[in-house]
Amino acid sequence: MRSTLQDLMRQLPAVNELLDAYGGRKDAVRERDAKLLTRLARRILDAERHRLRQEAEKGLAPSPRPLDALAFEMNRALTDFDRPRTHPVVNATGVVLHSGLGRAPWPDAAFAALEATRRYCLLEVEAEEGKRRRRDAFCEDLLVELTGAEAAFVVNNNAAATLIILNTLGAGKQIVVSRSQMIEIGGSFRLPDVFEASGCRLREVGTTNRSYVRDYEAALGDDTAALLLVHTSNYRIVGFTEHVDLPELVALGREHGLPVIHDVGSGSLIDLTPLGVPDEPPVQTSVKAGADVVCFSGDKLIGGPQAGIIVGKKEWIEKIRKNPLARALRIDKVTCVALEATLKLYMEPDSLFAKVPTLGALTESLESIEQRATLLQRALDKVLDGKGAALLLEDTSELGAGTLPTHGLPTLCVTLDIKGVGATDLARALRTGRPSVFSRIKDDLVLLDARTIGDDDVSLIAEALQHIVEDLDS
Ligand SMILES: *Cc1c(COP(=O)(O)O)cnc(C)c1O
């Protein structure tokens, strides 16, 4: 069998032969770089060798494809290469902050601000004297004004914020936290691991469902560096529970001269309670309660670019800024300008909900969602033309990104059903469609949630469905 396989391999063309064959074809793309074409030709030949080997191992009798078929592959390989690996999708999942789909959709103002970063821009220098300035100074005054804190610093994301805070305040020392707050935020962010990476010792106190001030107090020692409170964004402990809240922790910290860190996670800059979103206390509340350092994400409830925002007492923020990790975790110019533009929207609260899509989607009235759902239902019904059904269904959307796990938002969906096509297949066809549409499946039905789709998305979803129906017909 071995020699047979070697014979087969020898029948494959050399890279140059494949390139010549491709160059001789009518459909060959001529203006592309020879190096790129060579790489693609190698890839095609490697894949062909791999196929021959695998089929031979399975005891099949493989045969190499003819030269012309391999040359034809070159076109497909080029098209694949040119297609960007990410592209816009319609989010009809109903998950407002969908981490898989890039979390917060950006405000127009944030995107418009990117223009400034295209070439050279004022990033770490000021124009008057030509002197250096800190890039994080961009947003500091806005954050100070909006949160009421003394100072602010921004890093790459909230995981990075947690890391640099723990490392700055507690490396080689002990930080006390309640056992009920030992959270995991999706796969790679587990609080105990961040503790380890930051070089500080974790001292868990209390039990899963109950912790008291006396538990914290009993844990304090000479090497205690700080007290930590983590907002358990993505789960709730209900029932027989007792936990120490921020004011109590601040009082304890003051008594023992220890700083209090509050990881608020989602980080709203406005009080969302009157809008029907409970359990996400605004950052200002933590600052006012006396937390020394508060951290939160830029791309969760704030609805801006990915960032880890740290606000708090000057003394601590200065130390954090001087930590060598700050350089490793720093934000790039894109984040600087997009965050600035997003935060400025918060300075004009009257138009905030119209301009920050996350807040808009979160607080949209059911009537308004229903209007869009109805438009979508009619558009899809027309496309289906009897080949299936599109119906309205009341359901609940989620905030996502681990926020508000127990709080569904009432919404309206369109259920989509095509005769002879299962829900999983239909959802896949929508995801890989033109344009790509992400839905959710419930009770074996494909649901398109009108809360997370924009008005423009209605015709896009209809277009995607049109292609699916046409492909089925052919
Ligand atoms: C989301 C979250 C994080 C991680 O934030 P990223 O910005 O995704 O890095 C950390 N802590 C809490 C409490 C969170 O909710």
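The values are calculated or read from the model by the stated rules, or taken from the named source; none is laboratory data. Keep in mind that this is a model prediction, so the values were computed, not measured. We place every Cβ from the backbone using ideal geometry, glycine too, and count neighbours over all the protein chains shown. These accessible areas exclude ligands, DNA and RNA; they are computed on the full protein's heavy atoms, side chains included. Shrake-Rupley method; radii C 1.70, N 1.55, O 1.52, S 1.80 Å.
Could you check, for region 34-50, whether at least one of its residues is acidic (Asp, Glu), assigned to a helix (DSSP H, G or I) and without any contact (Cβ under 8 Å) to a residue 40 or more places away in the chain? Yes, region 34-50 contains a residue that is acidic (Asp, Glu), assigned to a helix (DSSP H, G or I) and without any contact (Cβ under 8 Å) to a residue 40 or more places away in the chain.
Residues in region 186-241 that are within 24 Å of the chain's Cα centre (by Cα), modelled with pLDDT under 90, surrounded by 14 or more Cβ atoms within 10 Å (Cβ to Cβ) and more than 23 Å from residue 328 (Cα to Cα): 231, 232, 233, 234. Taken over region 131-158, the criterion of being within 16 Å of the ligand (Cβ to nearest atom) and closer than 24 Å to residue 216 by Cβ is satisfied by 158 alone.
Would you call residue 331 within 16 Å of the ligand (Cβ to nearest atom) and buried (at least 21 other Cβ atoms within 10 Å of the Cβ)? Answer is yes for this residue.
Within the set of pairs 6 or more residues apart or between chains, which connect a residue that is over 9 Å from residue 175 (Cβ atoms) inside region 190-207 to a residue that is open to solvent by 80 Å² or more (accessible area, probe 1.4 Å) with Cβ atoms less than 7 Å apart? Qualifying pairs under 7 Å: 204/179; 205/179; 206/179; 207/179. Using the structure shown, decide if residue 41 is more than 16 Å from the ligand (Cβ to nearest atom), open to solvent by less than 30 Å² (accessible area, probe 1.4 Å), among the small types (Gly, Ala, Ser) and not assigned by TED's automatic domain parsing to the domain that holds residue 435. When the stated conditions are applied, residue 41 passes them.
Listed by first and then second residue, the pairs with beta-carbon distance under 6 Å, at least 6 apart or on different chains, first residue in region 154-168 and in contact (Cβ under 8 Å) with a residue 12 or more places away in the chain and within 15 Å of residue 196 (Cβ to Cβ), second assigned to a helix (DSSP H, G or I) and within 11 Å of the ligand (Cβ to nearest atom), are 162/194; 163/194. Against the definition (modelled with pLDDT of 95 or more, in contact with a Gly (Cβ under 9 Å, 6 or more places away or on another chain), among the hydrophobic types (A, V, I, L, M, F, W, C) and surrounded by 15 or more Cβ atoms within 10 Å (Cβ to Cβ)), how does residue 356 come out, yes or no? The answer is yes for residue 356.
Residues in region 439-450 that are of a type in the set (D, E, K, R) and open to solvent by 10 Å² or more (accessible area, probe 1.4 Å): 440, 442, 443, 444. From the set of residues in region 84-129 that are closer than 28 Å to residue 448 by Cβ and open to solvent by 80 Å² or more (accessible area, probe 1.4 Å), which is nearest to the ligand (Cβ to nearest atom)? Across region 84-129, the extreme among qualifying residues is 106.
Output the residue which, of all residues in region 159-217 that are outside any helix (DSSP H, G or I), among the basic types (Lys, Arg) and more than 16 Å from the ligand (Cβ to nearest atom), is farthest from residue 256 (Cα to Cα).
210
The set of residues from region 247-280 being over 32 Å from the mean Cα position of the chain (by Cα) and open to solvent by 40 Å² or more (accessible area, probe 1.4 Å) comprises 248, 251, 254, 255, 256, 257.
Checking 312, 298, 308 one by one, the residue that is more than 15 Å from the ligand (Cβ to nearest atom), open to solvent by less than 20 Å² (accessible area, probe 1.4 Å), modelled with pLDDT of 95 or more and in contact with a strand residue (DSSP E or B) (Cβ under 8 Å, 6 or more places away or on another chain) is 312 and no other.
Right, residue 321: surrounded by 12 or more Cβ atoms within 10 Å (Cβ to Cβ), modelled with pLDDT of 95 or more and not in a helix (DSSP H, G or I) or not?
For residue 321, the condition - surrounded by 12 or more Cβ atoms within 10 Å (Cβ to Cβ), modelled with pLDDT of 95 or more and not in a helix (DSSP H, G or I) - is not met.
Which one is least open to solvent (accessible area, probe 1.4 Å) among residues in region 451-474 that are in a loop (DSSP other than H, G, I, E, B) and out of contact with any Lys or Arg (no Cβ under 9 Å at 6 or more places or on another chain)? Only one residue tops the list, namely 452.
Among the residues of region 2-23, which ones are in contact with a helix residue (DSSP H, G or I) (Cβ under 8 Å, 6 or more places away or on another chain) and either surrounded by fewer than 17 Cβ atoms within 10 Å (Cβ to Cβ) or in a loop (DSSP other than H, G, I, E, B) (or both)?
4, 5, 9, 12, 13, 15, 17
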